[in-house]
Amino acid sequence: MDRAALSHQVNDEERRAFERDGYFLIPNALTPEQVSHFVGVTDDVDRQYRREHGLKSHDRVNLHDTIGHDERFLELIDWPTTFPKVWGLMGWNLQLYHTQMIVTPPGEAAPEKKRLGWHQDNNRMNRDLEVELQPMISMKVVYFLNDIPEAGMGNFYIVPGSHTSRRLIPSEDGDPNPAGALAVTVRAGDALVFDRRLWHAASPNSSNVTRKALFYGYSHRWLRPKCFMDVSKVWDRLDPIRRQLLGACTSFNGYFDPKEDDVPLRAWIRENAGQEAVAA
């Protein structure tokens, strides 16, 4: 893993924001050159997917298992400006359990009073864990590949602080969306780190700009992956930490009682950031 990650470990302000709000923004997580690179990869995959599935230019693409579709997306799984935030918040017993590419082209203007599809991630988990304050278990990093300076551009919507509740508070002004709903505005290259319990929603795009975003979901290693992530073509070229993130383990019990060979990320953190950076 790139030692540049050591310069981007989660700081106290980010940790407080994550605990209080359920998210924080990382400005310039990607440089303009890196944004251009991943826009090119996204466009390649988008064109092929539309051809294969008969989608029109205005149709929204919601593609899971991005790495399985193009190995160039593999670069982002341990990106030095973002991945240290993940292991700083969740510890070393990590895996990449989900990848997603969402391309939202311009469409018709949406009704002003339309309720968005609000949800917390992982579906059945929210029903099967019968507790009011649920454990985090997973989190995501979203990379935005174009400027989204205002609402109405297919924005990612969130309700800050909603990760501590299983219910949303209705708006008092007749808006069908919940109180505190916020349209995330960003610059190309920004990344959003958010708790899977944070209530969030996609929204229509009535601008003239196609919104492009890449989602990387991380979880504890004992959670089943959400998508297939076929990396058999590149497995022999992966370093030990990337293999850990993509499911490598010495035994089935190693997901629950990991040994050193199961979690090389722990040793890397200890050797490069010090024992105090290694969560229990």
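The values are calculated or read from the model by the stated rules, or taken from the named source; none is laboratory data. All values derive from a computational prediction rather than experimental measurement. All Cβ positions, glycine included, derive from the backbone under ideal geometry; neighbour counts span all protein chains shown.
Given the criterion more than 17 Å from the chain's Cα centre (by Cα) and farther than 28 Å from Asp239 by Cα, identify the matching residue among Arg3, Arg60.
Every option except Arg60 fails the conditions.
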request  = Have a look at Ser206, Ser138 and point out the one that is surrounded by fewer than 16 Cβ atoms within 10 Å (Cβ to Cβ) and over 22 Å from Val35 (Cβ atoms).
outcome  = Ser206
key: Odd one out for Glu33 among (1) free of Cβ contacts under 8 Å to residues at least 60 places away in the same chain; (2) surrounded by 12 or more Cβ atoms within 10 Å (Cβ to Cβ); (3) among the charged types (D, E, K, R)   = (2)
request  = Go through (1) outside any strand (DSSP E or B); (2) within 28 Å of Ala181 (Cα to Cα); (3) among the hydrophobic types (A, V, I, L, M, F, W, C) and name the single condition Leu63 misses.
outcome  = (1)
query = Taking segment 243-253, which residues are in a helix (DSSP H, G or I) and more than 13 Å from Leu94 (Cα to Cα)?
reply = Phe252, Asn253
message = Here's a check for you: in segment 232-242, which residue that is touching a residue at least 12 places away in the same chain (Cβ under 8 Å) and in a helix (DSSP H, G or I) is farthest from Phe83 (Cα to Cα)?
response = Pro240
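Which is more than 20 Å from Ile137 (Cα to Cα), modelled with pLDDT under 95 and part of a loop (DSSP other than H, G, I, E, B), of Gly68, Gly107? Steps first, answer last, please.
On the way: Gly68 fails: part of a loop (DSSP other than H, G, I, E, B).
On inspection, the qualifying residue turns out to be Gly107.
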Long-range neighbours under 7 Å by Cβ, at least six apart or interchain, first residue within 16 Å of Gly88 (Cβ to Cβ) within segment 254-280, second among the aromatic types (Phe, Trp, Tyr) = Val263/Trp92; Leu265/Trp87; Leu265/Trp92; Arg266/Trp92; Ile269/Trp87; Ile269/Trp92; Val278/Trp92; Ala279/Trp92
task = Only residues that are closer than 18 Å to Asp78 by Cβ, exposed (fewer than 15 other Cβ atoms within 10 Å of the Cβ) and aliphatic (A, V, I, L, M): list them for segment 232-280, please.
result = Val234, Ala279
request  = Search segment 121-134 for residues that are more than 18 Å from Ala201 (Cβ to Cβ) and pair each with any residue that is at pLDDT 85 or above when their beta-carbon atoms are under 6 Å apart and the residues are at least 6 apart or on different chains.
outcome  = Gln134/Arg197
ask   = Which members of segment 141-167 meet the condition of being of a type outside the set (Ser, Thr, Tyr), assigned to a loop (DSSP other than H, G, I, E, B) and surrounded by 14 or more Cβ atoms within 10 Å (Cβ to Cβ)?
value = Leu145, Asn146, Asp147, Ala151, Gly152, Gly154, Asn155, Phe156, Val159, Pro160, Gly161, Arg166
inquiry  = Checking Pro80 against (1) under 26 Å from Pro105 (Cα atoms); (2) modelled with pLDDT of 95 or more; (3) not hydrophobic (A, V, I, L, M, F, W, C), only one condition comes out false. Which one?
reply    = (1)
task = Scan (1) touching an Asp or Glu at 6+ places or on another chain (Cβ under 8 Å); (2) closer than 24 Å to Glu13 by Cα; (3) assigned to a loop (DSSP other than H, G, I, E, B) for the single condition Ala179 breaks and write down its number.
result = (2)
ask   = Is it true that Leu55 is over 25 Å from Gly161 (Cβ atoms) and without any contact (Cβ under 8 Å) to a residue 12 or more places away in the chain?
value = yes
